[in-house]
Every structure is written in C-alpha cells, then in structure tokens.
1. How high is the relative contact order of the chain, given as a whole-number percent (alpha carbon pairs under 8 Å, six or more residues apart)?
2. Of the peptides 157-167, 108-118, how do they stack up when ordered by the mean number of other Cβ atoms within 10 Å, highest first?
3. Which of 235, 49, 209 has the fewest other C-beta atoms within 10 Å, and how do the rest follow up to the most?
4. (i) 20.4, 73; (ii) 22.7, 72; (iii) 17.5, 58: which one is Rg and Dmax of the Cα atoms in Å as calculated from this entry?
5. Could you run the Debye sum over the Cα atoms of region 100-236, one equal point scatterer each and no solvent, and tell me log10 of I(q)/I(0) at q = 0.14, 0.19, 0.20 Å⁻¹, two decimals?
6. What does region 34-154 give for Rg and for Dmax, in Å, if only its C-alpha atoms count?
C-alpha cells in the first residue's frame with residue numbers, strides 16, 4: 001500500500017505522514033465437487049508477511065477545560081503477520097433443500113510495535129481481527145418460484161483498535177429472507193439480527209465525563225439492530 005498524509009492540523013508534525021506498507025502474500029487453495037456435483041467445497045491456506053503495517057490509530061488530546069479531543073489518523077507499525085484458513089461448502093441435499101457454510105480462522109500479530117500511547121503491542125493480535133468468523137445456512141424451496149434462506153453468522157471477540165486494549169465480545173446473528181421470482185422480477189423480504197442480539201463493532205478510549213474528572217474509558221458503538229426490509233430487482 002502506498003503511503004500518504006493525515007490532514008488534521010491538530011496532529012504533531014511527525015504524525016502527519018505515514019509510509020508505504022510492504023506485503024508478501026502466500027496462498028494455497030483447492031476447489032472441488034463430489035457426489036455428481038451435489039457437494040462443492042473450497043479450501044484456502046494463506047500467510048501474509050507485512051512490513052511497516054498501516055494502522056488506523058486514535059489520539060486523545062486534553063483541552064483547556066480538561067475534556068479530550070479525539071483525533072483519528074493513519075500510522076505505521078513495525079511489522080506483523082496474518083495467517084489462516086478459509087473453508088466453504090455448498091451441499092444440495094435434495095431438490096428442495098441446500099445447505100451452505102463458510103468458516104474463516106485467523107491468527108494475526110504485531111511485531112516490534114509501540115503504539116501512539118507508548119504501549120508495547122509486540123505479540124498482540126491486530127485490531128479488527130477475530131480468531132474466527134462463520135456463516136451456516138439453509139435454502140429451502142417452498143414452491144418452484146418461492147424459497148426461504150435462513151442463516152446464522154458469528155464472529156469471535158477482537159480488539160477494537162491499536163490505540164488501546166478494549167475488546168468486543170463474541171456474537172452470533174440469525175438472519176432470514178424470503179425470495180420470490182416472477183418473470184423478470186425478484187422480490188426479497190428480509191430480516192437481519194432476528195434474535196435482537198446487542199453487540200459492539202467499534203470502541204474508543206478517551207475521557208468524556210466531567211463527573212469522573214474526564215477519566216479515560218472505553219466507549220463502544222453498537223452493531224446493526226434488528227432490521228426488516230423489502231428489496232426488488234428487475235432484469236431488462
């Protein structure tokens with residue numbers, strides 16, 4: 001990745017520019033089908049050797065009233081690696097039901113990295129890098145033109161940022177959609193996060209409450225709540 005500049009004038013001069021990230025990527029994969037093409041599988045092993053890793057960091061500056069100004073910027077870590085395994089399958093069990101799934105396993109680490117707060121992150125997992133992610137679902141043909149898709153998605157806990165050690169919790173989401181096809185139109189009624197799971201996707205560490213003298217703490221951003229919608233596609 002090519003380097004660049006942070007444009008926030010509040011940053012110190014040495015933080016306004018970040019360098020190129022260099023990456024060596026190794027991948028070994030396989031795709032195949034079995035049982036007269038009723039089962040399709042995908043497997044991939046990968047290793048990424050990263051140097052001068054570009055990281056999204058946050059800096060808290062104390063104002064005159066003791067509140068904190070929150071600044072986001074891009075910087076460079078010394079080095080790191082990502083390695084993992086990706087699996088996927090699609091299984092047509094019969095003419096009415098098909099199953100599908102994906103699993104991603106990830107191991108990531110920083111090497112020789114001191115963050116903006118002076119913390120040594122050597123050996124720590126990278127931000128937004130859960131150890132696993134998965135999807136497991138089924139598509140059921142109710143009628144020749146009507147089908148139901150139900151799936152469960154999950155994600156392991158992860159560090160929110162490279163600027164602090166706040167972590168999310170693991171979570172699982174249930175989703176479903178009803179798909180109807182008629183001539184050149186496709187109608188899809190969908191719902192996401194049907195079990196009303198409350199989960200966090202980002203976290204920020206700073207002082208914001210005068211009642212505790214602006215003591216720094218983690219503030220989190222919630223993920224998408226339960227949603228329903230209707231989508232229409234037309235082919236011409």
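1. On the way: 602 pairs, mean separation 29.0, N = 236.
Across the chain, relative contact order equals 12 percent.
2. Working: 157-167: 20.2, 108-118: 17.0.
Going by the mean number of other Cβ atoms within 10 Å, highest first, we get 157-167, 108-118.
3. By the 10 Å Cβ count, ascending, the order reads 235, 209, 49.
4. So the structure-derived entry is (ii).
5. Taken in order of the listed q values, log10 I(q)/I(0) reads -0.81, -1.10, -1.16.
6. Just the Cα atoms of region 34-154 yield Rg and Dmax of 22.1, 72 Å.
No value in this document is a laboratory result; all are computed from the given coordinates. Quick caveat, the model's predicted, so the values are computed rather than measured. When we count neighbours, we look across all protein chains shown, and the Cβ atoms used for this are built from the backbone with ideal geometry, even at glycine.
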